[in-house]
Amino acid sequence: MSKVMQAVQRKASLTYSLFDPAPCNFPVSRVSLLPCMNGRTSISAAKNADFELVGRNRASRLYTRGRYALYEAYRLCGVGPEGGLLAPAYHCRTMLDPAISLDAKVSLYPLSPSLAPDLTKIEDYLSTLQQRPRAMLLTHYFGFPQDAATVKAFCDRHGMALIEDCSHALFNLSEAPQLGQHGRYTIASPYKLLPCEEGGLLIAADDQDFGARHPQRPGIGREMKTFATALTRIGHDRKRRITQADVDLLPEAVTSLNRRTLARGIEHSSRKPQVSDLYVRAEESLAGSIASKLLIKISSLPQAVAKRRENYLAWHRNVQDLPHCQPLFAALPDGCVPYMFPLVIDFPQDHFYALKTMGMPIWRWDDMAWSSCSTAQNYRQHLLHLPCHQSLSEVEMRWMMSAVALVMTRVPQRRNS
Ligand SMILES: Cc1ncc(COP(=O)(O)O)c(C=O)c1O
């Protein structure tokens, strides 16, 4: 058995590495991390000839979030006390929560630096087991398609169901779809890529594979609440508008940051065998709202696709010559519609803190189950997820790119980061 999987195997119940940012008092992000309704987010019933939503023309069900679609996919594949889940070592908690809710054992599999599953090591590990996991989760991180055909063949050989995780990947090329083509089930999170408040899609490769259980329609109270939350978010987004004056002030902001000592977050660990606070068991069988369903249907795909690619490429050009950071992926493939711009930074102790203190919108999976996968351990602190969505204005992009450039070039780094 490979050393990596041996170590994973010994951790029968998961240990989570956690980061508590409370002492840092980071301000609210100055720019929205997800798309929202504004003048730049087009709604149009016009069809897009080139792109379609993943799972189009397949049987699908809408839940409130991808995590609850995952719950149903895991359950339908037999994940539970009798059979475990093989999940990627680099993950957010909501990818594992549904399996924990089903009382299943979760094994984490190692990934290459480009986040592809290391099939050789997984094969070694599987050969040591008496009982195979029931399903393997394959994540198309940041919208970049994995080699799902190869992973499907691997799963078939080992008697596991493949579940494609398209939480970051909603748009498929109409002529040559690459996403959701091989999984027995595919899940997606429309709310991450379109300006709707919620939405978790469960797509079955075969209609027969759907159990009789349908998600429950939300009551009118829940529908109204979702609508009200959407309106509140539009209000918040209006308030945090960035102007050229904010861009001009950035050099000064970095200078004053360099004079301060920034409070540090707290790293700790937990072995609580429970779902995270992000997982609400009562929502496991709840259908997505009518408003979200409608927005998914009428959001303009051409605008989302074009803007996401344009913003991603602008990020890529902006960081190319910067010190202390590298894009996770060397190029943006044709037909790939990115969810975020993933940036690997060398000195998180300096640069992550500086950026967050300036109000930079950043997601980082620093709340993660421990594994001996070096990629996951490294990316937990070093990989930043930066927005490139269709609702961003030019000045917001300029502000974010200038902030990263200034921090990388002017905030001093210490070697022990
Ligand atoms: C890769 C991935 N898969 C699944 C999920 C769960 O999706 P949702 O947020 O729609 O519940 C997430 C959530 O962030 C995710 O990043």
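The values are calculated or read from the model by the stated rules, or taken from the named source; none is laboratory data. None of these values were measured; they are calculated from a predicted model. Glycine gets a Cβ as well: all are built from the backbone with ideal geometry, and neighbour counts include every protein chain shown.
Among residues of the range 354-390 being among the hydroxyl-bearing types (S, T, Y) and crowded, with 22+ Cβ neighbours inside 10 Å, the one that is nearest to the ligand (Cβ to nearest atom) is Y379. Within the range 179-192, if we keep just the residues that are more than 8 Å from the ligand (Cβ to nearest atom) and more than 16 Å from F51 (Cα to Cα), the residue that is surrounded by the fewest Cβ atoms within 10 Å (Cβ to Cβ) turns out to be R184.
For the range 198-214, a residue qualifies if it is under 30 Å from R308 (Cβ atoms) and either charged (D, E, K, R) or assigned to a loop (DSSP other than H, G, I, E, B) (or both), and the qualifying residues are E198, G199, A205.
Tell me, yes or no, whether the range 290-298 has at least one residue that is surrounded by fewer than 18 Cβ atoms within 10 Å (Cβ to Cβ), touching a Pro at 6+ places or on another chain (Cβ under 9 Å) and either aliphatic (A, V, I, L, M) or modelled with pLDDT of 95 or more (or both). Yes, that holds for at least one residue. Checking each residue in the range 270-288 for being surrounded by 10 or more Cβ atoms within 10 Å (Cβ to Cβ), in a loop (DSSP other than H, G, I, E, B) and not aromatic (F, W, Y) picks out R271, K272, P273, Q274, V275, S276, L278, V280, E284, S285, G288.
Among the residues of the range 55-113, the ones that are closer than 21 Å to D147 by Cα, touching a Cys at 6+ places or on another chain (Cβ under 9 Å) and surrounded by fewer than 20 Cβ atoms within 10 Å (Cβ to Cβ) come to 0 in all.
Against the numbered list (1) farther than 16 Å from L70 by Cα; (2) within 16 Å of the ligand (Cβ to nearest atom); (3) not in a loop (DSSP other than H, G, I, E, B), P195 comes up short only at (3).
The residue list P113, P133, P98, P88 contains one member that is modelled with pLDDT of 95 or more and either touching a Gly at 6+ places or on another chain (Cβ under 8 Å) or farther than 27 Å from S17 by Cα (or both), which is P133.
Can you name the condition, by its number, that I220 falls short on among (1) out of contact with any strand residue (DSSP E or B) (no Cβ under 8 Å at 6 or more places or on another chain); (2) at pLDDT 95 or above? Unmet for I220, out of (1) out of contact with any strand residue (DSSP E or B) (no Cβ under 8 Å at 6 or more places or on another chain); (2) at pLDDT 95 or above: (2). Pull up the range 94-125, narrow it to residues that are among the charged types (D, E, K, R) and in contact with a helix residue (DSSP H, G or I) (Cβ under 7 Å, 6 or more places away or on another chain), then point me to the one that is nearest to A73 (Cα to Cα). My answer is D97.
For the range 233-253, does any single residue satisfy the condition of being within 16 Å of the ligand (Cβ to nearest atom) and either modelled with pLDDT under 95 or under 21 Å from A354 (Cα atoms) (or both)? Yes, the conditions are met somewhere in the range 233-253.
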